[in-house]
Amino acid sequence: MKYIIGLLTAGLLLFGCSKEGGKDHGDAHGMHEHPDDHTGHGHEGHEGHGQNDHSTVTGIMLNNGQKWIADKHTNDKVSQMKKEIADYKDSKDYAKLTTNLEADVNELIKGCTMDGEPHNQLHHWLEPLLGLVKGMKDANSDADKSAKVEELEKSLNQYTEYFK
């Protein structure tokens, strides 16, 4: 089952980010170079997050010491996800947070207009985030839920370390 979900997510990443306002970017997106070998944008290697301080970011780097420029849609979705977490801290409605973050991530992927190296770098941040959002449903206790929310918040904050 996880394999099927991984394939579906990979398909969304590959095809969701290859459209801009209904226009196909052509082969530019099919030629990603991923030094950490995320061939096909699969997510099989993203279990077990939390082993180091930057566990949610794999292979991402700055643009010659500067942040990458992200499109407005992506920045808005990241801001929305941060707001969802802030709202959760008040409401403690974990089911609502899970549903909202899943929708936000799907919208982020569908509305992707970035290309080139900024787009490649975005995927290095986005792929682990997808694993974190999917893993939210595995939380069985309040402690598990808190840990997952903390890891998600850390990932969203790391986005701003690499993108503007």
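Derivation of every value follows stated rules applied to the coordinates shown; laboratory data play no part. These numbers come from a predicted model, not from an experiment. Neighbour counts run over all protein chains shown; Cβ positions are idealised from the backbone, glycine included.
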Checklist outcome for this item: Under the Karplus relation with 6.51, -1.76 and 1.60 and θ = phi - 60°, whole-Hz ³J(HN,Hα) for the range 132-137, x at Gly and Pro, equal 5, 5, 4, x, 4, 5
Next on the checklist: Using just the Cα positions, wrap the range 90-164 in a convex hull and report its mean projected area in square nanometres, one decimal place.
Outcome noted: 5.3
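Would you list 85, 69 from fewest to most Cβ contacts within 10 Å?
69, 85
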Next on the checklist: As a quick test, which of the pairs 82/134; 89/154; 89/164; 77/145; 92/145 have an alpha carbon distance above 20 angstrom in this structure?
Outcome noted: 89/164; 77/145
Next on the checklist: Can you give me the long-range amide H partners of residue 163? Hydrogens built in the peptide plane at 1.01 Å from N, cutoff under 5 Å, separation of 5 or more residues or another chain.
Outcome noted: 68
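Roughly speaking, what is the stretch gain from residue 87 to residue 117, that is 0.36 nm per residue apart minus the C-alpha to C-alpha distance, in nm to one decimal?
7.5 nm
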Checklist entry - What ³J(HN,Hα) values, in whole Hz, does the Karplus curve 6.51 cos²θ - 1.76 cosθ + 1.60 give for the range 141-157 when θ = phi - 60°, with x put for Gly and Pro? => result 10, 4, 5, 4, 4, 4, 5, 5, 5, 4, 5, 5, 4, 4, 5, 5, 5
Item to check | Per-residue ³J(HN,Hα) for the range 78-90, Karplus 6.51 cos²θ - 1.76 cosθ + 1.60, θ = phi - 60°, Hz, x for Gly and Pro | outcome: 5, 4, 4, 5, 4, 5, 4, 5, 4, 5, 4, 4, 7
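Given the Cα-Cα distance of residue 69 and residue 141 and 0.36 nm per residue of separation, how much length would full extension add, in nm?
Length gained, residue 69 through residue 141: 22.1 nm.
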